[in-house]
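*Asks:* Please read through the structure below; I'll follow up with questions.
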Amino acid sequence: MNDPSKEYQKLIKENASLKQRIRKLEKSAESGKTGTNTRQSDRKFEAIFQCSPDVITITDLTSGLLLDVNDSFLSLGGYSREEVIGSTTKELNIWDNMEEKDRIFDLIKTGTAVDKVELTFRAKTGESRQMLFSARLIEVDGRQLLIADTHDITDRKKAEKELIRVNRALRILSDTNHALIHIMDEATLLNEVCRIIVDVGGYRMAFVGFAEHDEAKTILPVAHAGFESGYIESINVTWADNERGRGPGGTAIRTGKPSIAHNIPQDPAFAPWREAAIERGYKSNIALPLISEGQPFGELSIYSADTDAFDSREVEILKELADNLAFGIASLRKRVKGEQAEVALRESEERYRLIVENTADTIAVFDLSLNPTYISPSALNLRGYTAREAMTQTWNEMLTPDSLERATNMFADQMALESSGTADLARTALIELEEYCKDGSTIWVELATSFLRDNHFKPIGILTVTRNITARKQAELELQKTLERLRKSIGVTIQVMVSAIEVRDPYTAGHQKRVADLARSIATVMGLNKDKIEGIRTAGSIHDIGKLAIPSEILTKPTKLTDLEFSLIKEHPESGYEMLKNVESPWPLAQIVYQHHERMNGSGYPRKLKGEEIIIEARIMAVADVVEAMASHRPYRPGLGLDAALEEIEKNKGIIYDADVVDACLRLFREKGYKLT
């Protein structure tokens with residue numbers, strides 16, 4: 001870049017030289033010298049006149065006609081000598097401001113010298129040039145002549161203007177960096193940066209917009225400064241690849257690079273906003289992307305009242321400003337998130353502290369050697385020991401011998417499972433233990449145990465939650481006693497019912513005993529719990545109790561039953577249900593009896609239930625009943641044999657009979673060697 005101060009010094013020297021030449025010419029004219037001295041002086045003047053880099057003109061002040069111009073005038077103006085000599089400057093349209101020209105000429109006519117006046121001249125092409133104009137009035141042979149020396153300062157003015165722009169941009173950058181350091185609120189920071197750009201930089205308007213990730217890819221203005229008069233609300237800018245997204249803002253966000261409209265009135269990409277921009281005096285616009293972690297998240301948009309307002313050096317500085325602003329925004333957001341996380345952590349810790357200290361359960365933390373590192377205050381309510389006292393106790397002092405052994409085995413199993421590398425990291429182990437209290441009594445507790453882990457999921461401790469279940473254990477014991485008494489009562493009742501059936505129909509009594517034993521065995525193979533197995537066995541021993549309501553001559557009839565007689569037989573499940581529905585029992589005896597003739601496809605009776613509508617106990621009873629009935633002798637036919645019975649259930653597995661039950665029954669006979677007795 002040219003140094004404006006050096007250019008100015010050069011101009012001063014050239015002007016001084018010109019003044020000396022003009023004075024010599026004046027003296028020569030006054031003295032009227034002729035001959036050799038005059039000719040020599042003329043030649044010197046001609047040489048100086050033509051060789052000067054400045055534009056020199058000689059004009060008849062009265063007519064305004066140009067009498068002579070040097071080569072610099074012709075070169076700079078783009079004219080030929082024939083076009084110029086004898087023409088006026090007005091005819092050549094040289095002056096950018098004719099009023100200024102008239103003012104200067106009037107001043108010269110008074111005899112006042114004009115030195116270094118900045119003016120704008122036009123070349124033949126119409127190009128404007130910034131010039132430094134000096135002029136003197138002399139009289140030669142009675143004619144008043146205007147000798148003007150004009151120095152081209154266009155390049156210097158451009159350099160000065162560029163320097164001003166760069167300095168202005170550097171001031172914006174400096175003030176913005178100061179704001180980034182001292183402002184801790186994002187909205188305040190954005191508005192302050194926009195203000196700096198307008199007030200310090202002299203721009204018309206500036207705003208910051210963030211890229212929304214909605215369907216329209218909206219750019220949402222969040223801060224602005226300068227003259228906008230509703231412009232921001234009206235522009236409806238997007239960063240989508242469409243007409244309203246191809247302006248500087250949308251392009252900057254999509255590409256991650258600065259985008260410039262050098263001349264808004266003529267830029268086709270600015271068409272959607274041109275009219276509104278021109279109304280507000282916007283001539284050019286630059287949009288700079290705001291980028292964080294490699295992804296644009298917004299734009300800084302700056303509007304100028306001048307065309308071509310953003311040169312390459314200024315753009316580089318503004319880009320640095322935008323990068324600093326983006327970094328500042330990201331830093332503020334990280335800080336805010338960090339503060340929010342700290343607040344949330346403190347609130348969470350306080351909540352958990354309140355929960356831990358006020359819960360009825362005792363929460364404890366142990367290291368991997370099972371030494372306590374924390375016990376909640378609720379230990380006092382649980383066992384009578386303060387948390388400090390409980391921290392000093394060994395496991396031997398806490399647990400009864402049997403519970404100590406089971407707890408030791410449980411912890412050993414958990415550690416072994418942890419070492420296997422295949423365990424569920426979020427697992428919780430439950431165990432019921434008997435603990436000593438301070439007053440010498442014991443309580444039953446449920447201990448829930450899980451591992452505490454570091455960020456790499458390695459165990460660093462053990463968390464236990466201890467709940468007093470003494471009342472529950474006592475209730476379970478009482479319930480067990482009640483159930484036992486009920487079972488005995490039911491057993492007596494059942495035995496009475498069985499005895500009644502044996503007296504009335506010995507065949508049915510034998511059938512029920514065999515079905516009860518087979519159903520119990522099938523349930524065992526299927527892995528049902530002991531209580532359910534016992535209920536199935538009990539129900540099996542009375543599953544045909546409803547036949548007490550059927551005349552004995554029908555039950556023992558040696559020939560085929562009539563339709564009417566068979567319809568009476570089919571009523572026995574419902575009759576049995578009516579007999580049992582009010583009998584208190586720990587098992588669904590009435591429902592098992594009611595459903596044991598239902599079938600999976602809905603073809604059974606009495607209610608044509610299907611699938612999961614039939615309880616599992618009844619599905620087991622159905623298979624056991626069919627197998628025993630087909631394999632054994634009936635009053636009206638001899639037994640069909642076990643093979644036929646098994647073939648029947650296998651053929652209809654999953655259709656009439658439950659598939660799992662059939663598989664268990666077949667396994668019982670074919671693999672385990674079960675026999676009907």
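The values are calculated or read from the model by the stated rules, or taken from the named source; none is laboratory data. Owing to the predicted nature of the structure, the values given are computational and were not obtained by experimental measurement. No Cβ is skipped: glycine too gets one built from the backbone with ideal geometry, and neighbour counts run over all protein chains shown.
*Asks:* Look at Phe451 and say whether it is crowded, with 16+ Cβ neighbours inside 10 Å and of a type in the set (Phe, Trp, Tyr).
*Replies:* Answer is yes for this residue.
*Asks:* Tell me whether the stretch 294-310 contains one or more residues that are hydroxyl-bearing (Ser, Thr, Tyr), within 36 Å of the chain's Cα centre (by Cα), modelled with pLDDT of 95 or more and within 21 Å of Ile172 (Cβ to Cβ).
*Replies:* Going through the stretch 294-310, the residues hydroxyl-bearing (Ser, Thr, Tyr) turn out to be 301, 303-304, 307.
Those still in the list that are within 36 Å of the chain's Cα centre (by Cα) too: 301, 303.
Retained after the next criterion (residues that are modelled with pLDDT of 95 or more): 301, 303.
Filter again for within 21 Å of Ile172 (Cβ to Cβ), leaving 301, 303.
Yes, the stretch 294-310 has at least one match.
*Asks:* Considering only the stretch 338-385, state which residues are farther than 23 Å from Ile460 by Cβ, out of contact with any Phe, Trp or Tyr (no Cβ under 8 Å at 6 or more places or on another chain) and modelled with pLDDT of 90 or more.
*Replies:* Gly384, Tyr385 - these are the residues of the stretch 338-385 that are farther than 23 Å from Ile460 by Cβ, out of contact with any Phe, Trp or Tyr (no Cβ under 8 Å at 6 or more places or on another chain) and modelled with pLDDT of 90 or more.
Condition check ((1) outside the structural domain of Met391 (by TED's automatic domain parsing); (2) touching a His at 6+ places or on another chain (Cβ under 8 Å); (3) at pLDDT 90 or above; (4) part of a helix (DSSP H, G or I)) across all residues:
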{"site": "Phe411", "(1), (2), (3), (4)": "no, no, yes, yes"}
{"site": "Asp424", "(1), (2), (3), (4)": "no, no, no, no"}
{"site": "Leu433", "(1), (2), (3), (4)": "no, no, yes, no"}
{"site": "Gly440", "(1), (2), (3), (4)": "no, no, yes, no"}
{"site": "Trp444", "(1), (2), (3), (4)": "no, no, yes, no"}
{"site": "Thr464", "(1), (2), (3), (4)": "no, no, yes, no"}
{"site": "Gln474", "(1), (2), (3), (4)": "yes, no, no, yes"}
{"site": "Leu486", "(1), (2), (3), (4)": "yes, no, no, yes"}
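*Asks:* Then there's this: Give the residue, chosen from Asp625, Asp643, Asp658, that is farther than 20 Å from Lys513 by Cα, surrounded by 19 or more Cβ atoms within 10 Å (Cβ to Cβ) and either at pLDDT 95 or above or in the same structural domain as Leu548 (by TED's automatic domain parsing) (or both).
*Replies:* Asp658
*Asks:* Across the stretch 392-427, what is the number of residues that are surrounded by 13 or more Cβ atoms within 10 Å (Cβ to Cβ) and either within 18 Å of Thr466 (Cα to Cα) or not hydrophobic (A, V, I, L, M, F, W, C) (or both)?
*Replies:* Within the stretch 392-427, residues that are surrounded by 13 or more Cβ atoms within 10 Å (Cβ to Cβ) and either within 18 Å of Thr466 (Cα to Cα) or not hydrophobic (A, V, I, L, M, F, W, C) (or both) number 14.
*Asks:* So, in the stretch 144-195, how many residues would count as being hydroxyl-bearing (Ser, Thr, Tyr), surrounded by 18 or more Cβ atoms within 10 Å (Cβ to Cβ) and free of Cβ contacts under 8 Å to residues at least 24 places away in the same chain?
*Replies:* 0
*Asks:* What's the total number of residues in the stretch 222-250 that are part of a loop (DSSP other than H, G, I, E, B) and of a type in the set (Gly, Ala, Ser)?
*Replies:* Of the stretch 222-250, the ones part of a loop (DSSP other than H, G, I, E, B) are 227-230, 236-237, 239-242, 246-247.
Then drop every residue that is not of a type in the set (Gly, Ala, Ser), which leaves 229-230, 240, 247.
Going through the stretch 222-250 one residue at a time, the tally reaches 4.
*Asks:* Okay, next question. Please go through the stretch 573-622 and pick out each residue that is in contact (Cβ under 8 Å) with a residue 60 or more places away in the chain, part of a loop (DSSP other than H, G, I, E, B) and under 58 Å from the mean Cα position of the chain (by Cα).
*Replies:* Of everything in the stretch 573-622, those that are in contact (Cβ under 8 Å) with a residue 60 or more places away in the chain, part of a loop (DSSP other than H, G, I, E, B) and under 58 Å from the mean Cα position of the chain (by Cα) turn out to be Ser585, Pro586.
*Asks:* Continuing with this model, one more query. State the number of residues belonging to the stretch 92-132 that are among the β-branched types (Val, Ile, Thr), in a loop (DSSP other than H, G, I, E, B) and under 14 Å from Leu146 (Cα atoms).
*Replies:* 2
*Asks:* Any residue in the stretch 87-101 that is among the aliphatic types (A, V, I, L, M), outside the structural domain of Ile329 (by TED's automatic domain parsing) and touching a His at 6+ places or on another chain (Cβ under 7 Å)?
*Replies:* Looking for residues that are among the aliphatic types (A, V, I, L, M), outside the structural domain of Ile329 (by TED's automatic domain parsing) and touching a His at 6+ places or on another chain (Cβ under 7 Å), one finds none in the stretch 87-101, hence no.
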